[in-house]
Structures are given as structure tokens and as C-alpha cells.
Amino acid sequence: HLRNITILLLPYVCGKMSTTEAMAGTEAISKSALKKEMKMAKIQAQKAARAASRPTPQPTSEQTTTETQYVDEIELDTSMDEPTLIHVKDTKDYVEQRVQLKGWVQTRRNQGSMIFLFIRDGTGFPASLQVVLIGDLCKTRSAQKLTREATVHVFGTIFADERAPGGVELRVDYWKLIGASDVDLENRFNKESHSDVLLDNRYLDMRSSRFGSILKIRSMVTQCLREHFFSKDFFEVTPPTLVQTEVEGGSDLFTVDYFGEPAYLTQSSQLYLETAIPSLGSVFCILPSYRAEQSRTRRHLSEFTHVEGEMAFYNFEQMLCFLEDMVVSVSENIIAKAGPMLQSLNPSFTAPSRPFLRMSYADAIVWLNEHGVLNEETQKPFVFGDGIPEAPERHMTDTINRPILLHGFPVEQKPFYMPPAEDDSRVTQSVDLLMPGVGEIVGGSMRVWDLELLMKNYEAKGLDPKPYFWYNDLRKYGSCPHGGFGLGLERFLCWVMGLHHIREAVMYPRFIGRCAP
């Protein structure tokens, strides 16, 4: 009953009828009840007035586009200048010219009636180009599919713009979607994801700007290494990676069934490189090597890229000079080829200065003891004959803070193919190149070239010489003094790019527990 009275009185409180008119039909109600209802009616009227004064809510930009503002797909205007097909790296050469570009959407940002895209195509640094869509180009149904990693074909004019990364941008007049990208990509992983999640999604993670730069520099470093070898009259060869002989020791071999016979994934191509010397002179290879090491350290992999060289008629000092020259030359060349990109990863990188520090194993033992570094196994000072583990070696290298050619390791620590030093039969003519922040990146030695000494070394190491018949024959048919080395490409890259973990330097790292994807 009271609600009915309120409804009757609303026109009155809104000023649309007189008191007499309002009172008509309410005679049966007491004055107090009527007064109360008139007050309530006034409150309701005020609320209605306030609601009427509010602006009508507008749909969001997403609602507007998806619900009411789709336009037909834009057609290519064939009356415009024919666009030149370019790559991201070429954009500065085409300012104020109409071009076309194909690539992947690195990022998308909406701003008012515009869409800003960064598109990469695998070239250039910066690796992506700012692309701007305006007006109806943003309102098609295809525009809603312009998510991260979608592939597109864009047409437009290049303009100089200091605000844009790289100093230029592409203002689009036509575009088309080549391949859509699922929106769930954003939920797959991020920078804070667990390392296993990142490795599971490696094929997507490598599309990031940082990973792209790492892979590009890896390619350029490999090119620089090849150029250095060729400049020194080396020939590149391709030894087998399925073998039936061990090189570095049997404990870390991957064994495979080779048509009913035992075989191994190679630990090193060294022995086969030596067979090419009488034909080609100095030779090199860049191939994978394998170590079945039960290790998860930040500098070990089960599969790594091995840069190996063998030099004919070299002596030990010449080999040390070659290693020094190679590292300095490649460092200088990669700075020249990839300066800005390399600086984005490792701003402090410079080519090392010559000469590298030459330190004997015996002197390293003295240095460790003088600096209070204990043997990790015995917790006592080092003595001659002890192996120098990674941590003490790294401590020494980082403290000295310059490249070290550590040479003269004890005979007991080295393989059968390394000869003793001419002035000390306790040690070998062997060397490790140690770099600050990384540790060992190169291992090398002179090679035993006398058959009698080689046979003695087999016996001392407990090896059967028969499987090495072909290697032994090299000493029977025109042997010569020679030496060689192996460089771990991933470790070298860690030093060049300042990477913390060796897994960052390889596309798909292989280590214990990880063989996919």
C-alpha cells in the first residue's frame, strides 16, 4: 500500500502536479503516513535525477572493435608505387620509399586508433622494425589476430623518426596476415620460469631478441674462426663422428650398437685429423663431440661443438703462438662484425692483449699454495702430481685476470698421444688456455710422432694398440713433428658474450637428463 502511494506522489515531488492533484486518492491515509511517503518519494526522485545526469557508459576499444566497428578487409591499391621487397637490416637505405616486408610480430601495442608493431625477420640490429597501422587498417577482423609471433606481410613507406628504435619506422598502407599465432603463447613461459620450463619451450624462447643475438654472434664467431684457419693455409675436413677407438678415456664414452658391433660417439676428431696431415698439411674441423659426463655444471655439456686443428711441422712454442694469435684475431674480428650487437650482451668485452701469460703447471701449484688455496679432495696444500680442479683453477685465472697458457702437465694426467717435455720427462708438452670468467677453453699438445714411444704409451695407459692400427701406421710411413688443439666453441662464446651458463650458448643443450626437444 505504501509503495503505491510513493508511485502516486512521484509526479508531485518532481514538480509535475499540484498538491491538490497529488492528494487526490490519498484521503484514506493518515497525515503522518502521507508525510513519510512524500519524503521517500522525494529521495527516490533525487536518485533518479542523479542517474539521469550520468553519461551513458561507452564500450571499451576492444568491445567497439569486436562488436560494432569491424570493417571489410583492406584491398591492395595497385595504383600506388610498386613496393621494393626489403629486410629489416635494409630499412635505413629506403627512407621515404615504398617497401614491403615479411616477418614475425615481436610485440604489439595499441594506442588510440593506432597499432604499433615490432616486426623481425632475422636480420639487422636492432632486430625488429617499428611498424604503424592507422585507422581502418586496425579495424579488420584480421587485425584482432595480430598477436605476438603472428607472421605478416606489410606494405608502406619508411620514415625517419628518432623516437623509433633504429631511427626509422614503417607506416603501413596495406597489410595481410600470413599465419596467426595462438594467444596462449603468453601463458607458456616468462623470464622467471624454471629452467626446465624454458628448455621445454626452447624453440619458442629462442625467438627473443637476446637469444637471437646470441645465435647470430655464434654464427659470426664460427665464421671468424674459419676465416682465421683459411688465412693460415689450413684446409677444413670432415672426420667421422661414429668411431671404434677412444681418445680421451673410456669412462665418458657414449656406446652405440653399430650393426652388431660396439662403436662410440666421438670424443674428439683429433686422431682422424692427424691422418690428413700428410695429404693436406695443416687441417681443422668444426664438428660435434660427445662426453658422457655425469655433470650439471655451468660449463659442461654432453654434446658440444669442437673446433680442432692439427699443425704440421710445428714445435710447441709455435703452437702456443698460434693459439694466442687465433684468440686475439677472432676477438678483434667479431668486434668489427658485430660491435653493437655484442655490446648489448657484453658491454665490457675487448680483445685480449698480447702476450698471454705463460705459466707452468709447477708454477700454478706454487701460486695456489702461496694464496692459501687448498686441494678440494685432501683439504691440504697442493703437491706436484695433483690435478687442479675447476674451482681453484678459476680462482687463479680470475685473480690474475688475464689469459693464461698453462702448460707442462704431469704425464700421468694426460692421454697416450702426448709426448714428454724435452727438458723434464715428468711432464708433457701440453697446454690449456684459461680465460678469466670462464676457465679452460682450449686444450692442446704436441703429438707423439715416434712409433716406439707411442707403443710404450699404450702399455703405460693399459690400452690395446690393435684398434689403433691405422693411427700407428702414420708413424711408419713418413711421420713428422706436429701438434694440435681442441677449442670448445660454447665456452669460447661464454667468454666473448659474458654468458653465465654454457647452455645459453647452444640451440638445444644436451646434458644428463635432457635430450629433448
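What follows is calculated from the coordinates using simple rules that are stated; it is not laboratory data. Note that this is a predicted model, so its numbers are computed, not measured. For neighbour counting, all protein chains shown are included, and Cβ atoms are generated from backbone atoms with ideal geometry for every residue, glycine included.
Once the C-beta distance of TYR477 and ASN110 is scaled by a Förster radius of 56 Å, the resulting FRET efficiency is 0.15 to the nearest 0.05. The C-alpha atoms of the chain define a longest principal axis, and helix 361-370 lies at about 60 degrees to it. Its alpha carbons considered, the range 84-185 gives a radius of gyration followed by a Dmax of 12.4, 37 Å.
Sparsely packed loop sites in the range 438-477 (the chymotrypsin sites (Phe, Trp or Tyr not before Pro) outside DSSP H, G, I, E and B with at most 10 other Cβ atoms within 10 Å) comprise TYR477. At a Förster radius of 22 Å, what calculated FRET efficiency corresponds to the Cβ-Cβ distance of ASP424 and ALA460, to the nearest 0.05? Calculated value: 0.80.
Of the GluC sites (Glu not before Pro) found in the range 189-287, those in coil by DSSP whose Cβ has at most 13 other Cβ atoms within 10 Å are GLU192.
Estimated from helices alone, the mean residue ellipticity of the chain at 222 nm is -9500 deg cm²/dmol (sum of -39500 (n - 2.57) over DSSP H runs with n ≥ 4, per residue). Summing Lys, Arg as +1 and Asp, Glu as -1, what charge do residues with Cβ under 15 Å from the Cβ of ILE512 carry, ILE512 excluded? After counting each charged neighbour, the total is +3. Other residues with beta-carbon under 12 Å from the beta-carbon of ARG171 carry, at +1 per Lys or Arg and -1 per Asp or Glu, a net charge of -3. Return the subset of LYS232/LYS466; LYS216/LYS414; LYS89/LYS139; LYS89/LYS191; LYS191/LYS380 for which the Cα-Cα distance in this structure is over 32 Å, preserving the input order. In this structure, LYS232/LYS466; LYS216/LYS414; LYS191/LYS380 exceed 32 Å between Cα atoms. Note on LYS145/ASN346: beta-carbon distance plugged into 1/(1 + (r/R0)^6) with R0 of 35 Å gives a FRET efficiency of 0.40. Here the Karplus relation 6.51 cos²θ - 1.76 cosθ + 1.60, evaluated at θ = phi - 60°, turns the backbone of the range 75-90 into coupling constants of 9, 5, 7, 6, 7, 6, 4, 5, x, 8, 6, 10, 10, 4, 5, 9 Hz, with x for every Gly and Pro. Note on LYS92: aspartates and glutamates with a C-alpha under 20 Å away, same-chain residues under 8 apart excluded, are ASP81, GLU82, ASP121, ASP161, GLU162, GLU169, ASP173.
Counting neighbouring beta carbons within 10 Å and listing from fewest to most, the residues MET396, MET319 come out as MET396, MET319. Net charge of the neighbourhood of LEU493, taken over other residues with C-beta under 9 Å away and scored Lys/Arg +1, Asp/Glu -1, is 0. For the range 459-474, backbone phi angles converted through the Karplus equation (6.51, -1.76, 1.60; θ = phi - 60°) give residue-by-residue couplings of 5, 5, 8, x, 9, 7, x, 4, x, 9, 3, 5, 5, 5, 4, 4 Hz, Gly and Pro being listed as x. Taking amide H as placed 1.01 Å from N in the peptide plane, the amide H of VAL168 sits under 5 Å from that of ASP161, each at least 5 places away or on another chain.
For the range 84-185, the relative contact order is 29 percent, taking Cα pairs closer than 8 Å that sit 6 or more residues apart in sequence and dividing their mean separation by the residue count. Exposure proxy ranking for LYS89, LYS139, based on other Cβ atoms within 10 angstrom of each Cβ and starting from the fewest, stands as LYS89, LYS139.
For SER295, the residues whose modelled amide H falls within less than 5 Å of its own, excluding neighbours fewer than 5 places apart on the same chain, are ILE512.
Residue exposure proxy: TRP367, TRP175, TRP495, ordered by other Cβ atoms within 10 angstrom of their Cβ from fewest to most, comes out as TRP367, TRP495, TRP175.
May I ask you to list the aspartates and glutamates whose Cα is less than 13 Å away from that of LYS337, ignoring any residue fewer than eight positions away on the same chain? Filter leaves GLU227.
Stokes-Einstein diffusion for the chain, with the hydrodynamic radius set to the Kirkwood value over Cα pairs and evaluated at 4 °C in a medium of 1.567 mPa s, equals 45 µm²/s.
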